[in-house]
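> I am attaching a structure below and will ask some questions about it afterwards.
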């Protein structure tokens, strides 16, 4: 599948997919971003803790996706006020879903030359999948795994195929349309 095949409907995670998604796709690291990854382009973070960690290292992601929560509670250690980024975009995305608008906003944000923060009202966890699919080869998508660290995904064709496998098994939903 290619980027031209982006879904044109909202997608919902199936129950049986939850355990599949708990397995990290990339390298898990504790602490900050290792030096060898700091030169990758683009750098995309998904999650408050991961975005915070990079900003603490004085690395502004090309795209940061946050929901101001961690483990379903408020993220109190928020290290950004939006001023680190050139633009802030608000996005609604329900838990266990990837809405159609998410694909469009992530695509535009990755193509943009500016540093962008997407603040999700709802849940951002699954947005690492569209980020991986849309990210150019060689870039990195980083997301957090509670109590384990950060998962660093160097974007390859193989990784994109794994992300498409998950997406293609999700349920299309068009409630209220």
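> State the volume of the convex hull built on the alpha-carbon positions of region 90-175, expressed per residue in Å³ and rounded to an integer.
Cα convex hull per residue, to the nearest whole number: 110 Å³.
> Expressed in nm to one decimal, what extension gain is obtained for the pair residue 58 and residue 104 from 0.36 nm per residue of sequence separation less their Cα-Cα distance?
Length difference between fully extended and current span is 13.8 nm.
> For a footprinting-style exposure proxy, rank 126, 137, 33 by other Cβ within 10 Å, fewest first.
137, 33, 126
> May I ask you to sort 52, 121 by Cβ crowding, counting other Cβ atoms within 10 Å and putting the fewest first?
121, 52
> For the pair residue 174/residue 30, report the inter-label distance in nm, with labels modelled 7 Å from Cα in the Cβ direction.
Placing both labels 7 Å beyond Cα along the Cβ direction yields 4.9 nm.
> Ok, one more. Gain in length, residue 164 to residue 41, computed as 0.36 nm per residue apart minus the alpha-carbon separation, to one decimal in nm?
42.1 nm
> At 0.36 nm per residue, minus the direct Cα-Cα distance, what do residue 145 and residue 112 gain on full extension? Give it in nm, one decimal, please. Could you put the intermediate results ahead of the total?
Details: separation 33, 0.36 × 33 = 11.88 nm, distance 2.77 nm.
Between residue 145 and residue 112, full extension yields 9.1 nm more.
Each value in this text was obtained by applying a stated rule to the coordinates, not by laboratory testing. Bear in mind that the values here come from a model prediction, so they are computed numbers and not experimental data. Please note: Cβ atoms are built from the backbone with ideal geometry, for glycine as well, and neighbour counts cover all protein chains shown.
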